[in-house]
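Read through the structure below, which is laid out as structure tokens, and then see the notes.
Just so you know, all these numbers are worked out from the coordinates, no wet-lab data involved. Treat the numbers as computed from the prediction; the structure is a model and nothing was measured. Reconstructed Cβ throughout: ideal geometry from the backbone, glycine too, with neighbour counts over all protein chains shown.
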Amino acid sequence: MRLPRRKALRRTQNNWSSVHDYITNKIAEEGALHFTLIDPDKAYGEALKNVRKLGKFMVEAGTDAFLVGGSVGVSERDADAVVQELKGLGVPVILFPGNITGISRYADAILFLSLLNSDDPYFIIGAQVLGAPIIERYGLETLPTAYIIVGYGGAAGYVGKARPIPYDRPEIGAAYVLAARMMGMKYAYLEAGSGAPEPIPPTFIRYAAKVKKNLTLIVGGGIRSPEKAKAAVRAGADIIVTGTIVEKDPEKCVEIIKSIKRK
Ligand code: 1GP
């Protein structure tokens, strides 16, 4: 049996024709965006029941999209369940897969990630080759993204066998962003790792922003306060991602989101 293509469904249900256009237009209007990360590994069983409620709260708080994914323990079924809970809340649901098991047919788009500073070709091009036919079959919109691990790195850095760029070597980060731009990537995601003790320093982001041109700069990992969020945006981040603070203290996200939006 053939399933309907997601694109056709998306057009009838949502206000955007493509997630990439939605992101680009919203950045032009609002200055910077906030993405809420939900890890299916932490949202199964009883916890899954709270996902929709949390999602609604985050949309009311002004989040611009959901990212669904994680580095460890995510099956396609888990991703499906979380994506379905978050659908229809008015903002896109975008996959942020740690591996090919994180591809859900129900999502609006997928960050098609290449972990550029991995030492293992699997995370640079191997998983992408295995995942591409699945993504094509599901009709998912792809957002070509250079994934760059910085500093602490967390589970993403460990699992992805990355050589994280030190916080005090921003010129290396900028060189990666430059290479990503030259390769035709549309997004670069500077990742400190979920739960990083300190987020990526503004100077590091500033170096990357200086060379990014049309590329959209995503920054995440360790952002838990409005001050840090604002500092990242002032330094040139187009999108900030928060995961841990959403799980621990969603109320705090109201201030975080307010702090990054143009008044
Ligand atoms: C992880 O960048 C994200 O990919 C979010 O990190 O959980 O520290 O907010 P936090």
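Observations
- Considering helices alone, the calculated mean residue ellipticity of the chain at 222 nm is -12500 deg cm²/dmol, with DSSP H runs of length four and up weighted by -39500 (n - 2.57) and normalised per residue.
- When the charge dipole of the chain is built from unit charges on Cβ atoms (+1 for Lys and Arg, -1 for Asp and Glu) and taken about the Cα centre, the candidate among His20, Ile134, Ala180 whose Cα reaches farthest toward its positive end is His20.
- Listed cross-link partners Lys42/Lys213; Lys161/Lys261; Lys228/Lys261; Lys56/Lys261 are compared with a 24 Å cut-off, the Cα-Cα value being larger for Lys42/Lys213; Lys161/Lys261.
- Scaling the Cα radius of gyration of the chain by the globular reference 2.2 N^0.38 Å produces a ratio of 0.92.
- Shape category assigned to the stretch 7-105 from the gyration tensor of Cα positions, a/c cut at 1.5: prolate
- Among the trypsin sites (Lys or Arg not before Pro) in the stretch 196-243, those located in a DSSP loop and surrounded by at most 11 other Cβ atoms within 10 Å of their own Cβ are Lys213.
- Global geometry of the stretch 154-263, whether rounded, prolate or oblate, following the gyration tensor of its Cα atoms and the 1.5 cut on a/c: oblate
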